[in-house]
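What follows is a set of notes on a single structure, which appears directly below.
Since every read-out is calculated from the coordinates, none of them should be taken as a lab result. This structure is a prediction, so every number in the text was calculated from the model and none was measured. Neighbour counts run over all protein chains shown; Cβ positions are idealised from the backbone, glycine included.
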Amino acid sequence: MKRLLLVGAGHAHAQVLRDFAARPMPGVAITVVSPSALAPYSGMVPGWLAGHYRFDEICIDFEALSRAAGATWVADEVIAFDADQRMLMLRSGTVLGADLVSINIGSTLRPPAVDGARVLSLRPLGDLHRAWEALLADLAAQPQGRPIDLTAVGGGAAGVESLLAVRTRLAALCPGRPLTARLLTRSPDLLPGMSRLAARQMHGVLAAAGAAVHTNTGFDEQAPPASPADAERLVLWATGAQAHRWPGRSTLAASETGFIRIDDHLRSVSHPAVFAVGDCAQWADPLPKAGVYAVRMGPVLTRNLRACLGDGAPQTYSPQRRFLALLATGDRRAIATWGPFAAQGAWAWRWKDSIDRGFIAGFARDRGAAPPGPTAGPPLP
Ligand SMILES: Cc1cc2nc3c(=O)[nH]c(=O)nc-3n(C[C@H](O)[C@H](O)[C@H](O)COP(=O)(O)OP(=O)(O)OC[C@H]3O[C@@H](n4cnc5c(N)ncnc54)[C@H](O)[C@@H]3O)c2cc1C
């Protein structure tokens, strides 16, 4: 019996499991480890923050998917990995060994603690879910007139989309409370890597929402708040993705910033029995940390894991450098951008909504059918 271990309920692993559910492979025992069975789909996170979706509507149920694939589901977290021996230690103390390991654990952020403010980190998404639910409960219990001061840090897609989404939600939940909003970015403009037209349109949307934009500006946790002293201060932390830290990963080749270095078969460059995909992996020519790459690596990862297990030939992955991005603006509208082009409207939101819902639905029904197309999504800073 060959042992395949999937670490992380990421976008690519969802596709691996769906494929194994459709075409089981005798003689292969699959184990899936991730802290939570419900894995949020990143493209729908801004819509969930805005209140357009319930949390369960934006999630893939990995426990159900594992069951369908005949895999063992383990709700736990890998805290150490001996890549030479392919041994993993889980937070519970369990040790798992495998013949083939695939890592799809995403990325994280390490925001500063800020005196007198509540900091919501946009990654990992599981932590964001808990922090957001707690915030909504607390806000409901606060006095009606208390001002809310909202600062988003990071001018990429996650920063602008989450600021607009959170602003929409708070304005609806707390209509009587003064709400100020601003966005800080160290970059010279919004949406680095995207078209100037899209950035210009996003400036217009933020201005219409009353959100000030400060470019070439970092966040200073020591600076006194620009808001009234009694305001509820919220900081949305959406800066560039950082690698998870695992003790004992030292023999696995990683970039200077800690991302697992992979080749064009999505294998670790140092350990051929270890694959890594999505945000946690670093391609030779680094890709933006965007879900669209994790999604598109899924079919190649599936094929290459099968090839390693004796079924078929491996395939190389060639990333698409230009793709359609649909940026939600919090008001059931969106900006669609591709290359130098950009256009906005309610039609773009309906388009995004239908692609995203289709993607999620593909994991709940017709197991084994091809996905309805990779969700278009923006590269992040
Ligand atoms: C607000 C927001 C909006 C975004 N919108 C878009 C968008 O529209 N389009 C787009 O392309 N990208 C978007 N992104 C970027 C996107 O979130 C990431 O690029 C994407 O989620 C990466 O996918 P992944 O499969 O690598 O990992 P993830 O989807 O992050 O999945 C990683 C999984 O691994 C699990 N895990 C983590 N650590 C461990 C561990 N030690 N052991 C076991 N399991 C572990 C996690 O719990 C999680 O289930 C957005 C990001 C944010 C924050």
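Tell me whether the stretch 1-74 comes out rounded, prolate or oblate; compute the Cα gyration tensor, take square roots of the eigenvalues as a ≥ b ≥ c, and use a/c under 1.5 as the rounded threshold. Before the final figure, lay out the partial values.
Numbers: a/c = 3.02, a/b = 2.52, b/c = 1.20.
In terms of gyration-tensor shape, prolate.
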(request) Report, in cubic angstrom per residue, the convex hull volume of the C-alpha atoms of the stretch 263-321. (result) 71 Å³
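Would you calculate, for the chain, the mean residue ellipticity at 222 nm contributed by helices, counting each DSSP H stretch of 4 or more residues as -39,500 (n - 2.57) and dividing by all residues, to the nearest 500?
Details: 8 runs with 105 residues, N = 381.
About -9000 deg cm²/dmol.
If you put +1 on each Lys and Arg Cβ and -1 on each Asp and Glu Cβ, how big is the dipole of the chain around its Cα centre, in Debye rounded to 20?
Numbers: 38 positive and 31 negative charges, 148 e Å.
Roughly 700 debye, rounded to the nearest 20.
Let me check I've understood the local charge: for L49, count other residues with C-beta under 9 angstrom from its C-beta, Lys and Arg +1, Asp and Glu -1. What total comes out? Let's see the in-between values first.
Details: positive: R169; negative: E161.
Combined, the nearby Lys, Arg, Asp and Glu give 0.
Rounded, prolate or oblate: pick one for the stretch 117-237, where a ≥ b ≥ c are the square roots of the eigenvalues of its C-alpha gyration tensor, a/c under 1.5 means rounded, and failing that, prolate if a/b is larger than b/c, else oblate.
Values: a/c = 1.64, a/b = 1.54, b/c = 1.06.
Here the stretch 117-237 falls in the prolate category.
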(message) Using only Cα atoms and rounding to the nearest 10 degrees, what angle (0 to 90) does helix 157-173 make with the longest principal axis of the chain?
(response) 60 degrees
(message) Test of the criteria: in the stretch 1-72, which trypsin sites (Lys or Arg not before Pro) are in a DSSP loop and have at most 16 other Cβ atoms within 10 angstrom of their Cβ?
(response) R54
(request) Report the net charge of residues surrounding I262, where surrounding means a beta-carbon distance below 13 angstrom and charges are Lys +1, Arg +1, Asp -1, Glu -1. (result) -2
(message) With the cut-off at 1.5 for a/c, could you classify the stretch 222-367 from its C-alpha gyration tensor as rounded, prolate or oblate?
(response) oblate
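Taking 0.36 nm per residue of sequence separation and subtracting the Cα-Cα distance, how much length would be gained by fully extending the chain between A113 and A229, in nm to one decimal?
On the way: separation 116, 0.36 × 116 = 41.76 nm, distance 1.82 nm.
Computed gain between A113 and A229 is 39.9 nm.
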(request) Let me know the Rg and Dmax you get for the stretch 58-104 when you use only its Cα atoms, in Å. (result) 12.1, 37
(request) Could you line up M194, M1, M25 from fewest to most neighbouring Cβ atoms inside 10 Å? (result) M1, M25, M194
(request) Compute the acute angle (0 to 90°) between the alpha-carbon long axis of helix 346-361 and the principal axis of greatest extent of the alpha-carbon atoms of the chain; round to the nearest 10°. (result) 30 degrees
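Can you sort I148, I58, I103 so the residue with the fewest Cβ neighbours within 10 Å comes first?
Ascending Cβ contact count within 10 Å gives the list I148, I58, I103.
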(request) For helix 196-208, report the angle its Cα long axis makes with the longest principal axis of the Cα atoms of the chain; keep it between 0 and 90° and round to the nearest 10°. (result) 50 degrees
(message) Rounded to the nearest 5, what % of DSSP beta bridges with both residues in the chain are antiparallel?
(response) 35 percent
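Can you tell me the alpha carbon radius of gyration of the stretch 148-207 divided by the globular rule-of-thumb value 2.2 N^0.38 Å?
On the way: Rg = 12.1 Å, N = 60, 2.2 N^0.38 = 10.4 Å.
Cα-based Rg divided by the globular estimate yields 1.16.
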(message) Could you tell me the extents of the chain's C-alpha atoms along the three principal axes, largest first, rounded to whole Å?
(response) 64, 43, 36
(message) Let me check I've understood the local charge: for A209, count other residues with C-beta under 14 angstrom from its C-beta, Lys and Arg +1, Asp and Glu -1. What total comes out?
(response) +3
